[in-house]
Every structure is written in C-alpha cells, then in structure tokens.
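Asker: Sending over a structure as structure tokens; questions will come in a sec.
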Amino acid sequence: MSVQTIKQNTNNPIRHLTKLFHFLEPYKFKCALTITTLVINATITLILPVFVRQFIDGSATEDLAKINQIGILAFLATLLFGFGTSLRYALVSRLGEQVVADIRKELFAHTIRMSQSFYENLMTGEILSRLNTDTTLVLTVISSSISVALRSTLLLCGGLVLMLITSFKLTFLTIVLVPFVLLPVFLLTRKLRNLTKENQDRIAEGAGNVSEALNATNAIQANNHEELSIKAFFEITDRYIESTNRRIFIRGLMTMVIISLCFTSVGSVIYIGTRDMLNGVITPGELTQFVIYAVMVGGAVTVLSEVWGELVRAAGATERLFEILEISDSVEDPTDPVLLSQPVQGSIEFRKISFQYQNRPEISVLDNVSFTVKPKETVAIVGPSGAGKTSTFQLLLRFFDPQQGKILIEGIDIRDISKKDLRNCLALVPQDPVVFSDTARENIRFGRPDATDEEVIQAAISGAAHDFLNEFPGGYDTLLGERGMLLSGGQKQRIALSRAILRSTPILLLDEATSSLDSVSEVAVQEALNHMAAQTTTIVIAHRLATVKKADRILVFDKGKIVAEGTHEQLVAEGGLYAKLAALQFD
C-alpha cells in the first residue's frame, strides 16, 4: 500500500479486526486461558436456571433434602462464577494492554524508519492520532468488547439449545420473532460504520491542526494570526461534534429498536407460555426456566448489538492503524547489501541524476545533474533558492531516491549499500538544526551514543559550543527544552556542529551551517571546519559566498541544473550567475 491510498480507502468491514491476530499470537496461552474461563462462566450461567426450576418444582413436592442439595450446588456454582469472572477480567485487561503496547511499538518503529516521502503526505498530528486514539479503541475491544461478545454468543447459542429442550413450541415462536430483532442491526450497521470512520478522521484532522499550530506559535503571534487559528480549530472541532452526534444518534436508535423488539418478543412468549402452564402443558418451574433463558437470549442479543457498534468503531481504528503499517517504504534497503571498504575515503559521484518530489511530479528539482567529489575535497554548492541544492543532500542521505541516474560512494551505487552503513559515512549539519528536549550533553552525544564525556566536551569546543554551555547553571547537564527553546538560532547551530564533529565521519555535509552565527563564533567554527575539511570530504551549501571562497571547487546550481563550475576566482572571471551573486554580496 502506498501513502496516497490512505485517503482513498473507505471500506471498513469487521474483517479488519482479524489483522489483530498477528499481535495476539505471542499470547496464545493467555488467550486460551481467557476462552476457558469464558466457557466455564457461560456454562455456569446456563446451569443456574435449571437450579431455579428444580427449586420451584421441588417446593411443590416438598422434597426438603433435594432443595438443600440444589442450594449447595447453586452456592458453589456462584462462587466458581465469581472467581471465573474476576480471572477473566484480569486476563483480558492485561492482554489488551500488552497487545496495544506491541501495536504502538511496531507503529512507532515502522514510521520512524520510513523515508521522507512518507511524511510529505501525512501530517504529524494524524500519525499521533493513530498512535494514541486509534490504539485506545483497539484496547477497548481486546480488553472488553471481544470477551463480552464471545460470552454473549455462548449464552445466545446455549440458551437457544436449552430453550428447545424446555419447550419446542415456545422456542419456535421465539425464533420466528428473531429476524425482526436482527434486521435493524444489519440496516443500521453500514451507516454506523461510515460515521465511525468519519469520526476518527475528524479526530486526526484536529490533532494535525493542533500539532501544526503549537509548533508555529511564534509565527502565529508575530502575524496576529491567533484569532484565525482559533477559528480554524473551532471549525474542525465543530465538524467533529457534528460527526459524533450523528454517530451517537444512529447507535442510540439501533439500541432502542433492538431493546424494544427484544422485550416485546419476550413478553409475547411469556403470555403464550403462561397459557400453556395453566393448561398443564408445562410446569411452573419449566416456564420460569424458559423465561429466564428467553431473557438471557434477549439480553445476549442486546449486548451483541451494543458490542457490534464498538467492534465497528474499533474496526475503523484497526483499519487506520494497518493503513500505516502496510505502507511499504519507497526507499528500500537492498536485500543483499554491498559492504563499503574500510576506511571509507569519501569519493562521491552524481551520475545523470533527475529527481522530482512525489507530491510535485511536474517540477523537476534536479535535471540530469552530474558531478564528482574527490576524497578529502571541499566542494561548495551555491545558487538561488529552489535551485536544488538541499535536494542533493537528501538524495545522498537516501531520504529519497532519484527517478533517474545513480549516486555512487567509493564507486558503489548507494542503493546497493544498507541505509545504516551509508549514513554511518555521513554527518549532516542542517540549516534548521534539530535540538531535542534533553540535556546539552545528550544532544551532542546524539551524533554518537557511545561517546565519552571527554569526547563530547572536545566536540563542543571544536563546534564553539563549550563556552556558552558552561555559562548555563547546569552546564552540559542543562535541559534545553522542547525543540531547544532555551537556545538562540546560533547556539542551536553550534550544538548541531558539535554533534557532527563528534560523529567524525569521512563525509561532512554542511547546509548553511554557519548562517545563524555571529562573526566571532563564525571565525571559531570556520577554523574547526577547515581543520575537519583537511581530513574529510566536505560538501557545503551556502548563500553567503564569503564562507565558500576557499573551497576547492564551487558548483553553481540554477533551476535544477549545474550552470557553472570552478574556483571562486575562475567563476568571478567568467561572469554569469556566480559573478552576479558575488557582485551583490561583495560590492
């Protein structure tokens, strides 16, 4: 399944719940024990009306010994029923929590490994909605609804059999009335199913809106957009309420009709049964037993109608979960990866690369681009915004795959190298660095989790982060806040630089890595980068040409093509786009 099919898939039958068997498989013993307790409890429930009949008919014969015996058996059965009910509750509750935890783990692991094209088509809030809200619905089904449905089914089937044994005539009458009870279920279920799917989509829409707004509060406030953002969220919430109200109405209508028909049917059966008792066809105990079974069967049908609504809702949630789990990654790892020779020297070749993003296939981001980078060479990529500069890094990291051409490292097509081995060769410093809600030490160590504290500090010194980190009250152990809220843009870049330095990879990718630094910090960082450049292959993307004047070569990109190549002096002398950019910045 592809990401694009998610929005188109509206079919939502109960069969989607069968996909949960995959997650139940590791807990076969618990499932078997749960089913055993269900069967025992249902059997005891079905036996109790027999005791009632024997009490009533035994009282008529004044057989006190028999009544005492029946009373003891009924008491023991009740104790066993209570124990079984408690055990069943504990089993299904724990089973539900374990299975949902497994689903959440697999869903998170699956999404975190997906290529960037996956995130182009799904909002973060929508993924969070499926990870939290939808799995909660699945939890309700596993820990409650399924066991209740199985128990009610056993009571329904067992009750019907015992009704037949008690009175064939009354049972036949009951069966004749059953279709009038079941028909509304099938008529209303489809409507309920569609409304449930719509309801979950509204929840996901709201989660996506909130996630996007909370991540852009500065922009919202700076542009006086608060009221419009609030209005947009209110409208989404109102659509959710409308959808919920329609779903509640249909489910309530279905329950009302079923309950009314069930008890009307039971009342009709009691009326005819009473006439048979007065005519001596059945005993008072048998009539009471039959009525209890009839009420039991009617109650089971009512419960099943309630549970059916929950199962339909959970089926929609399960479908939404598996829509993501069944998406195949557009950037797949090779089945038989080629190992890079160690140590990696860092040679890179782009060979006739053409690339378009999936959601913008009409725009060619890179058009037949070819270039090479020698080991230990520093190559700069410059050009106007939208020229395709950052896309070269995304392709090199295999966030995406090109539609045409090859990218080679050490002469090997990167599609033949495992993504893990490939990315172990690369260190990226992005223009907008990611800082996690953790300590400064762990944010730098993120680049190499096994690094010692001394190595972290040395990387911070090289990345010009050491001084400002020491000014914090907690030093390197200072919590930096969500998305690094405690840091300025320049400080975030220095954390990202330190992280890349700590990785110590043979290839370094710098995407506007010093754009937010002040002049003093930039000099210090540039010295560290120059030292690293002598030991690594470095590709630098820059708008500020002063930072790339010393590059071994400069590639000039424009509209997805390389329009010029050379040193700073050569490109200025040639004129063209680079000379114009240089004139704007240096004159």
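Asker: Which of the residues that make up the range 441-457 are touching a residue at least 24 places away in the same chain (Cβ under 8 Å) and either outside the structural domain of Ile495 (by TED's automatic domain parsing) or more than 35 Å from the chain's Cα centre (by Cα) (or both)? Spell out the reasoning first.
Answerer: Looking only at the range 441-457, we keep the residues that are touching a residue at least 24 places away in the same chain (Cβ under 8 Å), and these are 441, 443-448, 451, 455-456.
Hit for the range 441-457 is Glu455, nothing else.
Asker: Here's a follow-up. Does Phe322 satisfy being modelled with pLDDT of 90 or more and under 39 Å from the mean Cα position of the chain (by Cα)? Before you say what the answer is, go through the steps one by one.
Answerer: Numbers: modelled with pLDDT of 90 or more: no; under 39 Å from the mean Cα position of the chain (by Cα): yes.
Considered against the rule, which asks whether it is modelled with pLDDT of 90 or more and under 39 Å from the mean Cα position of the chain (by Cα), Phe322 comes out as no.
Asker: Within the range 373-395, can one find any residue that is more than 23 Å from Ile507 (Cα to Cα) and charged (D, E, K, R)?
Answerer: Checking the range 373-395: not a single residue is more than 23 Å from Ile507 (Cα to Cα) and charged (D, E, K, R).
Asker: Pick out, from the range 518-575, the strands (runs of 3 or more DSSP E) lying fully within it that include 3 or more residues that are surrounded by fewer than 20 Cβ atoms within 10 Å (Cβ to Cβ) and either touching a Leu at 6+ places or on another chain (Cβ under 8 Å) or of a type in the set (Gly, Ala, Ser) (or both). If you could, list the steps in order and put the result at the bottom.
Answerer: Values: elements: 537-541, 553-558, 561-566.
Answer list for the range 518-575: 561-566.
Asker: Filter the range 409-422 down to residues that are buried (at least 18 other Cβ atoms within 10 Å of the Cβ) and of a type in the set (D, E, K, R) and give me whichever is modelled with the lowest pLDDT.
Answerer: Residue satisfying both the conditions and the ranking: Lys419.
Asker: Pairs please, first residue from the range 459-477 and crowded, with 19+ Cβ neighbours inside 10 Å, second anywhere and outside any helix (DSSP H, G or I) and not acidic (Asp, Glu), Cβ atoms under 8 Å, 6+ apart in sequence or on different chains.
Answerer: Ala459/Gly447; Ala459/Ala451; Ala464/Leu517; Leu469/Thr478; Tyr476/Thr439
Asker: Related question: Looking at Leu278, Leu228, Leu261, which is the one that is out of contact with any Ser or Thr (no Cβ under 7 Å at 6 or more places or on another chain) and in contact (Cβ under 8 Å) with a residue 60 or more places away in the chain?
Answerer: Details: Leu278 fails: in contact (Cβ under 8 Å) with a residue 60 or more places away in the chain; Leu228 fails: in contact (Cβ under 8 Å) with a residue 60 or more places away in the chain.
Result: Leu261 is the single residue among Leu278, Leu228, Leu261 that is out of contact with any Ser or Thr (no Cβ under 7 Å at 6 or more places or on another chain) and in contact (Cβ under 8 Å) with a residue 60 or more places away in the chain.
Asker: With the checklist (1) more than 16 Å from Val176 (Cα to Cα); (2) surrounded by fewer than 19 Cβ atoms within 10 Å (Cβ to Cβ); (3) in contact with a helix residue (DSSP H, G or I) (Cβ under 9 Å, 6 or more places away or on another chain); (4) not acidic (Asp, Glu) in hand, flag the one item Asn245 doesn't pass.
Answerer: Going through (1) more than 16 Å from Val176 (Cα to Cα); (2) surrounded by fewer than 19 Cβ atoms within 10 Å (Cβ to Cβ); (3) in contact with a helix residue (DSSP H, G or I) (Cβ under 9 Å, 6 or more places away or on another chain); (4) not acidic (Asp, Glu) one by one, Asn245 breaks only (3).
Asker: Moving on. Does the range 298-311 contain any residue that is touching a Lys or Arg at 6+ places or on another chain (Cβ under 9 Å), in the same structural domain as Thr140 (by TED's automatic domain parsing) and at pLDDT 80 or above?
Answerer: Yes, the range 298-311 has at least one match.
Asker: Something else about it: Inspect all residues belonging to the range 392-405 and state whether any of them is within 30 Å of Gly576 (Cα to Cα), at pLDDT 90 or above and in a strand (DSSP E or B).
Answerer: Yes, because at least one residue in the range 392-405 is within 30 Å of Gly576 (Cα to Cα), at pLDDT 90 or above and in a strand (DSSP E or B).
Asker: Is one or more of the residues making up the range 457-466 of a type outside the set (A, V, I, L, M, F, W, C) and over 22 Å from Leu508 (Cα atoms)?
Answerer: Initial filter on the range 457-466 (of a type outside the set (A, V, I, L, M, F, W, C)): 458, 462-463, 466.
With the extra rule that they be over 22 Å from Leu508 (Cα atoms), the set shrinks to none.
Scanning the range 457-466, I find no residue that is of a type outside the set (A, V, I, L, M, F, W, C) and over 22 Å from Leu508 (Cα atoms), so the answer is no.
Asker: Report whether or not Pro343 is at pLDDT below 90 and either closer than 25 Å to Arg553 by Cα or assigned by TED's automatic domain parsing to the domain that holds Val548 (or both). Talk me through it step by step, then tell me what you get.
Answerer: Details: at pLDDT below 90: yes; either closer than 25 Å to Arg553 by Cα or assigned by TED's automatic domain parsing to the domain that holds Val548 (or both): yes.
Answer is yes for this residue.
Asker: Quick check, is Thr514 without any contact (Cβ under 8 Å) to a residue 60 or more places away in the chain, surrounded by 22 or more Cβ atoms within 10 Å (Cβ to Cβ), touching an Asp or Glu at 6+ places or on another chain (Cβ under 9 Å) and not in a helix (DSSP H, G or I)?
Answerer: On the way: without any contact (Cβ under 8 Å) to a residue 60 or more places away in the chain: yes; surrounded by 22 or more Cβ atoms within 10 Å (Cβ to Cβ): yes; touching an Asp or Glu at 6+ places or on another chain (Cβ under 9 Å): yes; not in a helix (DSSP H, G or I): yes.
Considered against the rule, which asks whether it is without any contact (Cβ under 8 Å) to a residue 60 or more places away in the chain, surrounded by 22 or more Cβ atoms within 10 Å (Cβ to Cβ), touching an Asp or Glu at 6+ places or on another chain (Cβ under 9 Å) and not in a helix (DSSP H, G or I), Thr514 comes out as yes.
Asker: Examine the range 468-486 for a residue that is part of a helix (DSSP H, G or I) and under 30 Å from Asp552 (Cα atoms), and state whether such a residue exists.
Answerer: Of the range 468-486, the ones part of a helix (DSSP H, G or I) are 468-471, 475-477, 482-484.
After this cut, where a residue has to be under 30 Å from Asp552 (Cα atoms) as well, the list is none.
No: the range 468-486 contains no residue that is part of a helix (DSSP H, G or I) and under 30 Å from Asp552 (Cα atoms).
Asker: Can you name the number of the only condition in (1) under 30 Å from Leu20 (Cα atoms); (2) of a type outside the set (Gly, Ala, Ser); (3) exposed (fewer than 15 other Cβ atoms within 10 Å of the Cβ); (4) at pLDDT 80 or above that Lys352 fails?
Answerer: Every condition holds for Lys352 apart from (1).
Asker: Additional query: Please go through the range 370-391 and pick out each residue that is under 20 Å from His568 (Cβ atoms) and either assigned to a loop (DSSP other than H, G, I, E, B) or among the polar types (S, T, N, Q) (or both). Spell out the reasoning first.
Answerer: Pass one, the range 370-391, residues under 20 Å from His568 (Cβ atoms): 371-374, 376-384, 387, 389.
Thr372, Lys374, Lys376, Glu377, Thr378, Gly383, Pro384, Ala387, listed by residue number.
Asker: Taking the condition outside the structural domain of Lys19 (by TED's automatic domain parsing) and out of contact with any helix residue (DSSP H, G or I) (no Cβ under 8 Å at 6 or more places or on another chain), does Gly383 pass? Full working, then the answer.
Answerer: On the way: outside the structural domain of Lys19 (by TED's automatic domain parsing): yes; out of contact with any helix residue (DSSP H, G or I) (no Cβ under 8 Å at 6 or more places or on another chain): no.
When the stated conditions are applied, Gly383 does not pass them.
Asker: Only one of Asp367, Asp421 is assigned by TED's automatic domain parsing to the domain that holds Thr537, in a strand (DSSP E or B) and among the charged types (D, E, K, R); which?
Answerer: Values: Asp421 fails: in a strand (DSSP E or B).
Exactly one residue qualifies, and that residue is Asp367.
Asker: Quick one: would you say Val338 is outside any helix (DSSP H, G or I), in the same structural domain as Leu581 (by TED's automatic domain parsing), on the phi < 0 side of the Ramachandran plot and surrounded by 14 or more Cβ atoms within 10 Å (Cβ to Cβ)? Walk me through it before giving the result.
Answerer: Details: outside any helix (DSSP H, G or I): yes; in the same structural domain as Leu581 (by TED's automatic domain parsing): no; on the phi < 0 side of the Ramachandran plot: yes; surrounded by 14 or more Cβ atoms within 10 Å (Cβ to Cβ): yes.
Against the criterion (outside any helix (DSSP H, G or I), in the same structural domain as Leu581 (by TED's automatic domain parsing), on the phi < 0 side of the Ramachandran plot and surrounded by 14 or more Cβ atoms within 10 Å (Cβ to Cβ)), Val338 does not qualify.
Asker: Taking the options Ala451, Ala496, Ala500, name whichever one is closer than 30 Å to Ser347 by Cβ and surrounded by fewer than 22 Cβ atoms within 10 Å (Cβ to Cβ).
Answerer: Working: Ala496 fails: surrounded by fewer than 22 Cβ atoms within 10 Å (Cβ to Cβ); Ala500 fails: surrounded by fewer than 22 Cβ atoms within 10 Å (Cβ to Cβ).
Every option except Ala451 fails the conditions.
The values are calculated or read from the model by the stated rules, or taken from the named source; none is laboratory data. Since we're looking at a predicted model, the values are computed, not measured. Ideal geometry is used to build each Cβ from the backbone, glycine not excepted, and the neighbour counts take in all protein chains shown.
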